Amino acid sequence: MPHYLETMRLWGAPAWHWLALAALLPAAVMLGWALGGAVMGALRALTARTAASWDDQTAQLVRAPLQLFAGALAFRAGVVLILRGPAAELGQAIGGSLIAFAVAAFAWRLVDFVVRTIETRATLDGADPLRARGLRTQARVIGRILHVLVFVVGVALVLVQFDVLRSVGVSLLASAGVAGIVLGLAAQRSIGTLLAGIQLSITQPVRIGDQIVIEGEFGSVEELTLTYAVVKLWDKRRLIVPITRFLEEPFQNWTRMTPELVGAVSMHVDYSAPIELIRREALAYIEQHDSWNRDTAELRVTEAGERTITLRILASADDATRTFDLRSDVREHMIAYLQDLDSGAYLPKERFAASEDARPRGRDDDDGPETKLKN
């Protein structure tokens, strides 16, 4: 070691301590990469002997955090063995921060892996689609919550490694009484929204993939977060809805328990219309339609007005899209059928009945007595 490096002091420590600290970091990174690679090789050899795929995915999951963790341990061990004084304290703080970052990175990846696994298993063939959407919603919301917790805890673990930042944090906590109350009042709505998102993920009045009617618009729930939901409308627009809207105001969920729906078609016909003949035609058309699910099919007279009677045709389908198609086809077919039936004689019409006093009189009625005598 050159003499001037022994005698020269920088920031309260010999200059060579800082040089050694700067050299230890890349050396520890290389050593951690090598140690992590060796451990990963052993893990791959073990996981290759099993037929399951989850252990292979887990091994790939821990690769980068494991290498960073090994490098951080090697760096901190080198600092403890070689350095003393301020350089050693800074080196230990850096090593501790790297270890905390490695643990946080592993926890972040683990949360992602668990969420993806739940979503994959929930969407397997044969799984209940309602239960699958519920699991996907819960997994994504809880995953976001865990990501926030991992980030906060990771940052806190990094900050406590440094004395200066630790003292600043303590002083901020000691003087944050009034500021905390003000911030709490200011963030009351935001905190309420976050709690509403957590409550929504637990109670699940709406789930990803549900078909709903909200704000007078029909669409399917495309995304759920802690603060808002994205609804994909039928014309491919996106409606952004605050998450509290689903807990505070009513909305229609067409797939809450089952996606099956009953569609209604209303038609007005004349009082002289043959109801039974029209019923047979409507039911025959519904029964041969591809969208009908063999559950509900009927025609009833639901209203008798002053000039027409109202027929309501009910037909069920497996989901909202098929129900819409079935309703449209039934409506078009029955309109064409009524137009052809007796040349449209049973379509709605207006009637006028003339009284006897208002009957038009002929020429003889207009002639006086003298005219009749002449004839």
Please enumerate the residues belonging to the stretch 235-273 that are surrounded by 14 or more Cβ atoms within 10 Å (Cβ to Cβ), of a type in the set (Val, Ile, Thr) and within 17 Å of the chain's Cα centre (by Cα). VAL241, ILE243, THR244, THR255
Looking at the stretch 225-238, is at least one residue at pLDDT 85 or above, on the phi > 0 side of the Ramachandran plot and of a type in the set (Lys, Arg)? yes
Working only within the stretch 257-281, note down all residues that are touching a strand residue (DSSP E or B) at 6+ places or on another chain (Cβ under 9 Å) and either at pLDDT below 90 or within 16 Å of ASP325 (Cβ to Cβ) (or both). PRO259, GLU260, LEU261, VAL262, GLY263, ALA264, VAL265
Residue by residue through the stretch 109-137, note down the ones that are modelled with pLDDT under 80 and farther than 20 Å from LEU200 by Cβ. THR120, ARG121, THR123, LEU124, ASP125, GLY126, ALA127, ASP128
Of all residues in the stretch 304-334, how many are without any contact (Cβ under 8 Å) to a residue 24 or more places away in the chain and either part of a helix (DSSP H, G or I) or surrounded by 12 or more Cβ atoms within 10 Å (Cβ to Cβ) (or both)? 3
The residue from LEU226, LEU311 that alone is of a type in the set (A, V, I, L, M), in contact with a helix residue (DSSP H, G or I) (Cβ under 9 Å, 6 or more places away or on another chain) and not assigned by TED's automatic domain parsing to the domain that holds ARG327 is LEU226
Filter the stretch 203-225 for residues that are within 15 Å of LEU135 (Cα to Cα) and not in a loop (DSSP other than H, G, I, E, B) and give the result. THR203, VAL221, GLU222, GLU223, LEU224
Looking for whichever is at pLDDT 75 or above and either touching a His at 6+ places or on another chain (Cβ under 6 Å) or assigned by TED's automatic domain parsing to the domain that holds VAL115 (or both) here; the options are ALA23, ALA45, ALA59, ALA34. Which one fits? ALA34
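Would a scan of the stretch 232-239 turn up a residue that is part of a strand (DSSP E or B) and in contact with a Phe, Trp or Tyr (Cβ under 8 Å, 6 or more places away or on another chain)? Let's see the steps before the verdict.
Kept after step one, since they are part of a strand (DSSP E or B), are these residues of the stretch 232-239: 232-233, 238-239.
Next cut, in contact with a Phe, Trp or Tyr (Cβ under 8 Å, 6 or more places away or on another chain) only: 233.
Within the stretch 232-239 (the criterion being part of a strand (DSSP E or B) and in contact with a Phe, Trp or Tyr (Cβ under 8 Å, 6 or more places away or on another chain)), the answer is yes, since at least one residue qualifies.
The values are calculated or read from the model by the stated rules, or taken from the named source; none is laboratory data. Note that the structure is predicted; figures quoted are calculated from it, not measured. With ideal geometry, Cβ positions are generated from the backbone for all residues, glycine too; neighbour counts draw on all protein chains shown.
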